[in-house]
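Trainee: Can you keep this structure in mind? I'll have questions shortly.
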Amino acid sequence: MVLQEFISYLSLEKNYSSHTVLAYRKDLEEFSIFCSLSYDSLDINQIDYVVVRSWLVQLSESGISNRSINRKIASLKSYYRFLQKIGEIMINPLAKHKALKTSKKIEIPFSEVEMDAVLSNIIYSDDFEGKRDQLMINLLYATGMRRAELINLKLPDIDFESNSIKVLGKRNKERLIPMLAVLKPYFLAYYNERSKIESGQEINYVFVSKQGNKIYETLVYRVIDKYFKEVSSKVKKSPHILRHTFATHLLNKGADLNAVKELLGHSSLASTQVYTHNSIAELKKVHAFAHPRASKG
């Protein structure tokens, strides 16, 4: 089946994460069902843009956001490009499709005051979970690593001799992140408590549950929300906002954009530039202070 070939292509050749591959599969299966129900079992490989347009209308009328629709269409585009590549079709029915307009999603980072409150003022419980949560928050803020990178950290990835952390990013790309000296005491305190719990099958992972198993996405979300709701009224409190905060605070302090790009593991500078809008206020201060003509007029 061609769809399965495409899924294998995404996993093996493109090195997409299992989460991304699952999203592609789901989008394509949804469209295939739509074709079958609305066009008398029309095969997904034989459609034209008229069929795609009717699907877009249905999605829009069901209340799905333009951002979500664009993601689904991106899945279709990739699939039909693959069909062209292997010679199944001659023309991509989505070749001239233009993405729907979306409003820019503004994500507000935590302030330095909020970060200081969570890192220095909150009292964490003096047990396994308290030490784990404290390290988790400090590590996310100190490195800017992604949620999935944190979850998949393994014990050998933490190198105290070279003060570096090896992470496995998107598309299985490895990178080294410098480890701040302030993190070491948190690691040691957590490792001491971690050694007391019963080992699970996945004990090689740095972060585990109190049952000794590898942690999962919702646990990380819960940890971030639990502590940050004590100091912040922001609606969104998530691991990604901590990554956003890491990048914004570095840029506010004058860090080079390319250096931040490398720390974040972005493949292109465009991905990093989304964080620069938060630094405009700081840039204005620097500009007003440093430019020779700033005091004129």
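Trainee: Is there a pair in LYS154/LYS184; LYS229/LYS261; LYS101/LYS237; LYS166/LYS237; LYS173/LYS261 whose C-alpha atoms are over 24 Å apart, and which pairs would that be? List each step's numbers first, then the result.
Mentor: Numbers: LYS154/LYS184 16 Å; LYS229/LYS261 29 Å; LYS101/LYS237 26 Å; LYS166/LYS237 26 Å; LYS173/LYS261 14 Å.
Check vs 24 Å cut-off fails for LYS229/LYS261; LYS101/LYS237; LYS166/LYS237.
Trainee: Let me ask you something else. By how many degrees, between 0 and 90 and to the nearest 10, does the Cα long axis of helix 280-290 differ from the longest principal axis of the chain?
Mentor: 50
Trainee: Rg over Rh of the chain, using C-alpha atoms and the Kirkwood radius, what does it come to?
Mentor: Details: Rg = 23.3 Å, Rh = 22.4 Å.
Using Cα coordinates only, the ratio equals 1.04.
Trainee: With 10 angstrom as the radius, rank TYR191, TYR141, TYR24 by how many other C-beta atoms surround their C-beta, starting from the fewest. Intermediate results must be reported in sequence, preceding the final value.
Mentor: Numbers: TYR191 14, TYR141 20, TYR24 23.
Arranged by neighbour count, lowest to highest, TYR191, TYR141, TYR24 become TYR191, TYR141, TYR24.
Trainee: Would you grab the residues whose amide H sits under 5 Å from the one on LYS154? Only those 5+ places off in sequence or on another chain, please, with H modelled 1.01 Å from N.
Mentor: It is VAL206, by chain and number.
Trainee: Still on this structure, please answer the following. How far is helix 239-252 tilted, in degrees, relative to the longest principal axis of the Cα atoms in the chain, given as a value from 0 to 90 rounded to the nearest 10?
Mentor: Helix 239-252 sits roughly 70 degrees off the main axis of the chain.
Trainee: Largest first and in whole Å, what are the equivalent-ellipsoid semi-axes of segment 112-286 based on the Cα gyration tensor, each being the root of 5 times an eigenvalue?
Mentor: Values: eigenvalues 148, 75, 41 Å².
Its equivalent ellipsoid spans semi-axes of 27, 19, 14 Å.
Trainee: May I pose another question? Sorted from fewest to most neighbouring beta carbons within 10 Å, what does the list GLU174, GLU161, GLU112 look like?
Mentor: On the way: GLU174 10, GLU161 5, GLU112 13.
Fewest-to-most ranking of GLU174, GLU161, GLU112: GLU161, GLU174, GLU112.
Trainee: Comparing GLY212, GLY169, GLY87, which has the greatest mean-square fluctuation in the GNM of the chain with Cα pairs linked when under 10 Å apart?
Mentor: GLY87
Trainee: Right, next: With everything on Cα atoms, drop me the angle between helix 217-228 and the longest principal axis of the chain, reported from 0 to 90° to the nearest 10.
Mentor: Its long axis makes an angle of about 40 degrees.
Trainee: Given the DSSP H assignment, sum -39500 (n - 2.57) over each helix run of at least 4 residues in the chain and divide by its residue total; what's the result at 222 nm in deg cm²/dmol, nearest 500? Show your work: numbers first, answer last.
Mentor: On the way: 13 runs with 148 residues, N = 297.
Theoretical 222 nm ellipticity from helices: -15000 deg cm²/dmol.
Trainee: Relative to the Cα centre, what is the charge dipole magnitude of segment 2-85, using +1 at the beta carbon of each Lys and Arg, -1 at the beta carbon of each Asp and Glu, and rounding to the nearest 20 debye? Each step should come with its number before you reach the end.
Mentor: Working: 10 positive and 9 negative charges, 86 e Å.
The dipole of segment 2-85 has a size of about 420 debye.
Trainee: Counting other beta carbons within 10 Å of each residue's own, what order do LYS77, LYS184, LYS101 fall into, fewest first?
Mentor: Values: LYS77 17, LYS184 13, LYS101 7.
Neighbour counts put them in this order, fewest first: LYS101, LYS184, LYS77.
Trainee: Here's another thing I want to ask about it. Need the list of aspartates and glutamates near LYS210 for cross-linking: C-alpha distance under 13 angstrom, and skip anything on the same chain fewer than eight residues off.
Mentor: Candidates past the 8-residue exclusion: ASP127, GLU129, ASP133, GLU193, GLU198, GLU202.
Trainee: Still on this model: If the cut-off is 19 Å between C-alpha atoms, which aspartates and glutamates fall inside it for LYS234, apart from same-chain ones fewer than 8 positions away?
Mentor: GLU107, GLU112, GLU114, ASP116, ASP225
Trainee: Further question on the same structure: Could you give me D for segment 2-85, from Stokes-Einstein at 10 °C and 1.306 mPa s, where the hydrodynamic radius is the Kirkwood radius over C-alpha pairs? Units µm² s⁻¹, please. Please report the intermediate quantities before stating the final value.
Mentor: Numbers: Rh = 13.3 Å.
Estimated diffusion coefficient is 120 µm²/s.
A short reminder: the numbers here are calculations on the coordinates, not readings from a lab. Since the model is a prediction, treat every value here as computed from it, not as a measurement. Ideal geometry is used to build each Cβ from the backbone, glycine not excepted, and the neighbour counts take in all protein chains shown.
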